[in-house]
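Every number in this text was worked out from the coordinates using simple rules, so none of it is lab data. The structure presented is a predicted model; accordingly, all values stated were derived computationally and were not measured. Cβ placement follows ideal geometry from the backbone for every residue including glycine, while neighbour counts extend to all protein chains displayed.
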Amino acid sequence: MGVILASASPRRRELLGLITKDFRVVMSDVDETAIRADTPSGLALALACAKCDAVAKTHFSDTVIGCDTVVEAGGVVLGKPRDKAEARRMLQSYSGRSHLVHTGVCIKKAGLRERFTVTTKVTFCPLTHAEIEAYVNSDEPYDKAGGYGIQGPAARFVRGIEGCYFNVMGFPVSRVYSALKSLGVHVI
């Protein structure tokens, strides 16, 4: 029985590596566009559960961890920006304001299931037009939910956070570790 991460995210792989080195990655074939929920945090959890369930169907003797992160600004869900215009709008919506980062987590082990959402409040400094333009003209915004990674150059824009820093990267390390322990998964 092994641990499987049902996510292709290099950041999630890196962060799960802080808990255990003994895991493998198996991608799910979930159509994320078909998943709906009433709230942004509910959407993060629904996506995480769909990914976990899809992988657990064929890896039922393993512990499967599914995750998904949703950024919410002003009640609107912000995914990965498709282009510069969308990345620009996202950064403008963060400028001098706070937004929420929700990560849904679903863990299945031998018929047991634990699921939860962790939310972190992130506050950005006011951004100048030049700062926004320099950022959208880099490669940074385009493979990340909400158009930024707190661990990269966007760190200079973050005035503060309330909650789990690692959650903003898409994997709430301490909460996942606690959940694995409660399910009896030995990761030490």
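Figures for the structure shown
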{"item": "In range of the label at Arg13: residues from the range 68-101 whose backbone nitrogen is under 19 Å from the point 7 Å along Cα→Cβ", "result": "68-69"}
{"item": "Label point distance in nm, Ala34-Lys21, each placed 7 Å from Cα along Cα→Cβ", "result": "3.9"}
{"item": "Mean shadow area of the chain, taken as a quarter of the surface of its Cα convex hull (nm²)", "result": "10.2"}
{"item": "Alpha carbon centroid spacing (whole Å) that separates the range 46-62 from the range 119-162", "result": "31"}
{"item": "Links that overshoot a 21 Å alpha carbon limit, given the list Lys109/Lys144; Lys57/Lys109; Lys80/Lys108", "result": "Lys109/Lys144; Lys80/Lys108"}
{"item": "Counting all C-alpha pairs of the range 73-134, share separated by more than 17 Å (%)", "result": "53"}
{"item": "FRET E, pair Ser95, Ser61, Förster distance 35 Å, beta-carbon r, rounded to 0.05", "result": "0.10"}
{"item": "Per the chain, cysteines lacking a partner by the 4.7 Å Cβ criterion", "result": "Cys67, Cys125, Cys164"}
{"item": "Karplus-derived 3J(HN,Hα), 6.51/-1.76/1.60, for each residue of the range 112-117, Hz, glycine and proline x", "result": "8, 9, 10, 9, 6, 10"}
